[in-house]
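All remarks here apply to the structure that follows.
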Amino acid sequence: MGPMTGYRIIDLTTVLMGPFATQMLGEMGADIIKVEPPQGDVTRVLGPSRSPGMGALFLNTNRYKRSICLDLKQDAARKALLALVDTADVLVTNIRPEALSRLGLDRDEMLARNPKLIHAALLGFGNDGPYSGRPAYDDLIQAGCGLSSLIGQTQNDAPNYVPVALADRVVGITAVSAICAALAARERTGIGGPVEIPMLETMTSLVMGDHMAGRTFEPELPERAYQRLVSQHRKPYATKDGYISAIIYTDADWKKFLQATDMVDLPQRDPRFANFTARNADIDHVYAWLSGVFTSRTTCEWLTLLQDVGVPVAKVHDLDSLLQDEHLNATSFFRYLDHPTEGRIRTMAPCIRWPRQELPEDMPAPLKGEHSIAVLEEINWPQSEIDALTEMGALILAEAV
């Protein structure tokens, strides 16, 4: 069970943005039917794996799904997919509109067949602009929304990328909220319709929400960014034996910090520390001063001191130490599952908690075409046509393991 139980979602997406979104919906109880091409989702071959086509990235982005494998270049496979769409609440795609039409999957025709259908289109760019229809990847969007330049600015270096697929995942989360909103609207109106989630616009909103700054006004004011965020000194602080993250932000936090470090007279000695406004006006100086202070103690000493007085502080994990974090372990965030083909694997619990909902049981990522027959049988597709689809290679079944 779960808050999305009872909704059927056809997942016609590949790579990361769409699959990440539909996995979240699956974690909430939706029935996710992943439609894969004959070669499978490309992420099946990305990262380490024990078995061909079951890479780590795929395993961690396609839980809570069933897989049907169709060759949509064949008319018979498209007919089967349309029959599935007729039974669905939501169709999620990240295929460019022109390519979708070439496959014989015109949006308006599908909505005419199933008026309650919500078609969630994850796009690189909004359909009403000159970039419409262009291919889009996470790196391109990070560059196009100004994020890469911001990173270079903070590092006093050339533009660079965030070392996670940030655009894919942010837009994926945005798609989840858009789909849930569309379903809520359908509850009122009784009809579905299209919803578009463009990557560039979504990420530009994220970046410029912080950094519109003086551009907000007409005529523009001089400040070009949220200065605290672009300070080259804004980074974890080096300690005697490692690093630590601490946010000494409000006047109350500064009072606690200065009392704990026996420097209560600092605001009187240096007016740049007098209050919130003064500190933000000279944030580079403040960060540089803190960088010097934090080298005076060990990481453990700082964690103990600042936690005791209530100043926000955290360890700086690497990817391996993160697996040993006491909070994440106490909440069973990282967990082990027995995958039917991959053996024992480590995975992650759903992020969203529903204290009064019984969530669905863990469901590991599927083999390619693992549920091809079962999915078609559920919609009463004739056995003779299932056999014919299989014979002509339009329906691909999971290989025996």
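FYI, it's all coordinate maths here, none of it is from the lab. Keep in mind that what you see is a predicted model, and the values were worked out from it rather than measured. Reconstructed Cβ throughout: ideal geometry from the backbone, glycine too, with neighbour counts over all protein chains shown.
The table below lists the values:
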{"quantity": "Cβ-Cβ FRET estimate between Val164 and Leu305, R0 fixed at 41 Å, reported to 0.05", "calculated": "0.85"}
{"quantity": "Those GluC sites (Glu not before Pro) in region 280-365 that DSSP places in a loop and that have at most 15 other beta carbons within 10 Å", "calculated": "Glu358, Glu361"}
{"quantity": "Most positive-pole-ward Cα, Thr250, Ala260, Ala365, against dipole of region 243-401 from beta carbon charges", "calculated": "Ala260"}
{"quantity": "Relative packing of peptides 13-20, 109-116 - highest average C-beta neighbours within 10 Å first", "calculated": "13-20, 109-116"}
{"quantity": "Estimated vicinal HN-Hα couplings, Hz - region 338-352 in sequence order (Karplus 6.51, -1.76, 1.60; Gly, Pro = x)", "calculated": "9, 7, x, 10, 9, x, 7, 10, 8, 9, 10, 6, x, 6, 7"}
{"quantity": "Under 17 Å from Lys240, Cα to Cα: aspartates and glutamates that are on another chain or at least 8 residues apart", "calculated": "Glu301"}
{"quantity": "Gained length - Gln227 relative to Val42, 0.36 nm times residue gap less alpha-carbon distance", "calculated": "62.6 nm"}
{"quantity": "Distance in nm between pseudo-label sites at Glu361 and Arg102 (7 Å out along the Cβ direction from Cα)", "calculated": "4.3 nm"}
{"quantity": "Simple spin-label estimate for Ser384 and Ile173 in nanometres, 7 Å along Cα-Cβ", "calculated": "5.2 nm"}
{"quantity": "Relative contact order computed over the chain (Cα-Cα under 8 Å; 6+ residues apart), in percent", "calculated": "20 percent"}
{"quantity": "Estimated inter-spin distance, Asp262 and Ile247, nm [label 7 Å along Cα→Cβ]", "calculated": "3.0 nm"}
{"quantity": "Net charge contributed by nearby residues that have their C-beta within less than 13 Å of Arg215 (K/R +1, D/E -1)", "calculated": "-3"}
{"quantity": "Region 328-391 and region 73-117: distance between their alpha carbon centers, rounded to Å", "calculated": "23 Å"}
{"quantity": "Stokes-Einstein diffusion coefficient of the chain, Kirkwood radius over Cα pairs, 4 °C, 1.567 mPa s, in µm²/s", "calculated": "53 µm²/s"}
{"quantity": "Gain on full stretching of the segment that runs from Arg134 to Ile352 - 0.36 nm per residue minus C-alpha separation", "calculated": "75.1 nm"}
{"quantity": "Per DSSP, loop chymotrypsin sites (Phe, Trp or Tyr not before Pro) in region 132-219 with at most 13 further Cβ within 10 Å", "calculated": "Phe217"}
{"quantity": "Reachable aspartates and glutamates, given that their alpha-carbon falls under 12 Å from the alpha-carbon of Lys256 and they are not under 8 places away in the same chain", "calculated": "Asp308"}
{"quantity": "For a label point 7 Å along the Cα-to-beta-carbon line of Arg335, residues of region 350-392 with backbone N under 11 Å", "calculated": "350-351, 359-364"}
{"quantity": "Of Lys65/Lys315; Lys79/Lys116; Lys79/Lys368; Lys73/Lys116, pairs whose Cα-Cα distance is over 30 Å", "calculated": "Lys65/Lys315"}
{"quantity": "Packing rank of 365-377, 71-83, 282-294, where each peptide gets the mean count of other beta carbons within 10 Å, highest leading", "calculated": "365-377, 71-83, 282-294"}
{"quantity": "Estimated FRET transfer efficiency (Ala274, Val316; beta-carbon r; R0 30 Å; 0.05)", "calculated": "0.50"}
{"quantity": "Under 12 Å, Cβ to Cβ, from Asp282 - net charge with Lys/Arg +1 and Asp/Glu -1", "calculated": "+1"}
{"quantity": "Ranked by how many other beta carbons lie within 10 Å on average, peptides 151-159, 233-241 from highest", "calculated": "233-241, 151-159"}
{"quantity": "The chain: DSSP helices with Cα axial extent of at least 27 Å and average Kyte-Doolittle hydropathy no lower than 1.6", "calculated": "none"}
